[in-house]
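Notes follow the structure.
The values are calculated or read from the model by the stated rules, or taken from the named source; none is laboratory data. Quick caveat: nothing in here was measured; it's all calculated off a predicted structure. All Cβ positions, glycine included, derive from the backbone under ideal geometry; neighbour counts span all protein chains shown. Calculation scope for accessible area: heavy atoms of the full protein, side chains included, ligands and nucleic acids excluded. Shrake-Rupley method; radii C 1.70, N 1.55, O 1.52, S 1.80 Å.
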Amino acid sequence: PFTQEAWSAAKLSTLGLLQARGYPAARLAGSAARVDADAHSVQLEITLDSGPLFHLGELRINGLTHYSEDSVRNLLAFRSGQAYTEALLADWQRQLQRSELFEAALVELLVDPAQADAATVVITLREMPRQQTTVGLGYSTDTGARATLNYIHRQPFGWRVVSTSRLEVGNEKNAFSTQLISHPLPDHYRDLAGVELERLDQSGEVRTSAAMRLGRSQDRIDFARQYFLALQSATVESAAPKTSAQALTANYNWVARDIDSIALPTRGTVLAVETAAGYTYKTIAETGPLARLQATLTGYRPLGDDWNLQWRLQAGEVFAGSATGVPDTLLFRAGGQDSVRGYGFRSLGPVVNGAVTSGRVLFTGSIEFARPFVERLPSLWGAVFVDAGNAADNWRSMRPVYGVGPGIRWRSPVGAVRVDFPYAVEDRRWRVEISLGIAP
């Protein structure tokens with residue numbers, strides 16, 4: 001049905017499309033709606049004056065005090081003379097906001113038809129403080145309560161690097177990590193180096209691990225990757241025979257994103273792949289070459305009546321001789337909130353002497369339907385889900401277990417807070433799983 005309100009909105013929308021695709025000086029030159037009441041029809045006409053096609057000229061950057069202009073330019077795919085689009089400037093603004101160097105970023109085009117061949121782009125920035133300390137408290141049913149202390153220095157000793165250190169103290173997990181990552185380099189690359197130490201004490205098992213890595217990362221809105229050398233070791237003590245191994249690996253990880261929002265996605269897919277190849281040494285078992293592959297495909301899709309679908313498929317395998325010792329951090333366990341709900345964190349895997357151990361193959365899958373409880377509370381959702389999966393020594397011995405149940409989601413501005421009530425079909429018991437916290 002024709003309404004004046006819909007007709008006005010259609011004209012503005014059409015004009016907005018033209019302005020966003022290279023013609024920001026476009027204007028509505030004329031329009032008409034010829035109504036034929038007898039025929040119950042309306043003939044619509046719209047005339048647009050596009051104005052000139054704008055091309056990018058000078059890049060003007062305001063608000064820099066401590067950080068270099070090169071770091072800003074390296075985050076942008078800026079080429080003098082390229083055609084302007086609104087999407088291009090919006091992408092630059094998101095890249096600047098995600099760089100961890102700026103609290104706020106605004107990217108604008110100066111719209112002057114006389115300067116259309118070389119229009120000025122103005123970037124206004126507010127820098128993050130060079131030093132920042134945060135304290136956090138949180139709780140997860142995977143590892144219990146925790147307290148965290150984070151310290152960030154975004155220009156230590158005047159270097160163009162960001163130093164991040166994190167200390168976590170908890171009931172079951174204690175960890176320390178420190179990382180140096182360079183300010184943005186050309187084509188969104190950054191150099192990185194890091195050290196991680198962890199002690200995990202759960203269900204009669206104690207795992208201590210350490211890792212060092214040196215490499216490079218590249219992070220775009222739709223694609224991210226890392227390639228690095230890693231030196232890692234892990235020792236596990238439980239009722240099963242003690243395991244201890246070290247390994248040097250070359251790693252290449254990448255993530256491809258095609259989603260509508262990184263924090264709160266409702267449409268699209270994310271594919272994450274992790275690869276590693278190297279050699280083990282200083283093991284209780286035999287030394288030898290190894291390779292590792294893991295892939296996770298996650299999908300989001302809106303359905304009718306405000307329902308939303310989320311699904312996940314994950315598989316992994318370690319390729320090594322049957323007698324080769326492999327660090328536990330490169331092996332697989334299943335169970336927990338981001339795996340098979342209803343079963344404890346890292347509680348699924350091959351059983352030796354009555355104790356769960358880590359396997360060389362992994363499979364998990366999940367499907368979840370969710371929607372808002374009521375229309376006036378759009379951020380509070382209810383959900384129902386089915387999870388399946390396990391870890392095993394090989395694919396022949398893989399026996400998936402299942403978890404089903406309802407859940408509650410609060411879609412906060414910084415991400416979803418989840419409370420699940422899964423039923424473990426294999427164990428025939430209910431659990432409550434919570435992921436929340438006031439933490440950095």
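Here TYR67 meets each of (1) surrounded by 11 or more Cβ atoms within 10 Å (Cβ to Cβ); (2) of a type in the set (Ser, Thr, Tyr); (3) outside any loop (DSSP other than H, G, I, E, B) with one exception, condition (3). For GLU274, are the conditions met, namely being over 20 Å from ILE408 (Cβ atoms), of a type in the set (D, E, K, R) and either in contact with a Phe, Trp or Tyr (Cβ under 6 Å, 6 or more places away or on another chain) or not in a loop (DSSP other than H, G, I, E, B) (or both)? In short, yes. Within the range 1-41, the set of residues being under 30 Å from GLY57 (Cα atoms), in contact (Cβ under 8 Å) with a residue 12 or more places away in the chain, open to solvent by 60 Å² or more (accessible area, probe 1.4 Å) and among the aliphatic types (A, V, I, L, M) comprises LEU28 only. Evaluate the following for THR65: is it more than 16 Å from VAL122 (Cα to Cα) and touching an Asp or Glu at 6+ places or on another chain (Cβ under 8 Å)? So THR65 passes the test.
Screening the range 219-251 for residues that are over 20 Å from ARG199 (Cβ atoms), crowded, with 16+ Cβ neighbours inside 10 Å and not hydrophobic (A, V, I, L, M, F, W, C) and picking the one that is modelled with the lowest pLDDT gives ARG220.
The residues of the range 231-250 that are of a type in the set (Ser, Thr, Tyr) and assigned to a strand (DSSP E or B), listed by number, are SER233, THR235, THR243, SER244, THR249. In this structure, ARG166 does not satisfy being more than 26 Å from VAL340 (Cα to Cα), in contact with a Pro (Cβ under 7 Å, 6 or more places away or on another chain) and of a type in the set (Lys, Arg). Residues in the range 147-177 that are in a loop (DSSP other than H, G, I, E, B) and closer than 19 Å to SER435 by Cβ: ASN171, GLU172. If you go through the range 106-146 and keep only what is open to solvent by less than 30 Å² (accessible area, probe 1.4 Å), part of a strand (DSSP E or B), of a type outside the set (S, T, N, Q) and at pLDDT below 95, you end up with GLY136, GLY138, GLY144. Total residues in the range 78-99 satisfying the condition of being closer than 26 Å to ASP191 by Cα and either over 26 Å from the mean Cα position of the chain (by Cα) or exposed (fewer than 14 other Cβ atoms within 10 Å of the Cβ) (or both): the figure is 2. For GLY336, state whether it is on the phi > 0 side of the Ramachandran plot, touching a Gly at 6+ places or on another chain (Cβ under 9 Å), outside any strand (DSSP E or B) and modelled with pLDDT under 95. It is true that GLY336 is on the phi > 0 side of the Ramachandran plot, touching a Gly at 6+ places or on another chain (Cβ under 9 Å), outside any strand (DSSP E or B) and modelled with pLDDT under 95.
Looking at the structure I just gave you, is GLU58 within 37 Å of the chain's Cα centre (by Cα) and either part of a strand (DSSP E or B) or over 30 Å from GLN155 (Cα atoms) (or both)? Answer is yes for this residue.
Quickly run through the range 110-126 and pick out the residues that are within 38 Å of the chain's Cα centre (by Cα) and among the polar types (S, T, N, Q). Once the filter is applied, which keeps residues that are within 38 Å of the chain's Cα centre (by Cα) and among the polar types (S, T, N, Q), the range 110-126 yields THR120, THR124. Pull up the range 291-333, narrow it to residues that are surrounded by 15 or more Cβ atoms within 10 Å (Cβ to Cβ) and of a type in the set (Ser, Thr, Tyr), then point me to the one that is nearest to SER233 (Cα to Cα). It comes out as THR329.
When LEU348, LEU362, LEU380 are screened for being under 23 Å from GLY405 (Cα atoms) and surrounded by fewer than 21 Cβ atoms within 10 Å (Cβ to Cβ), only LEU380 passes.
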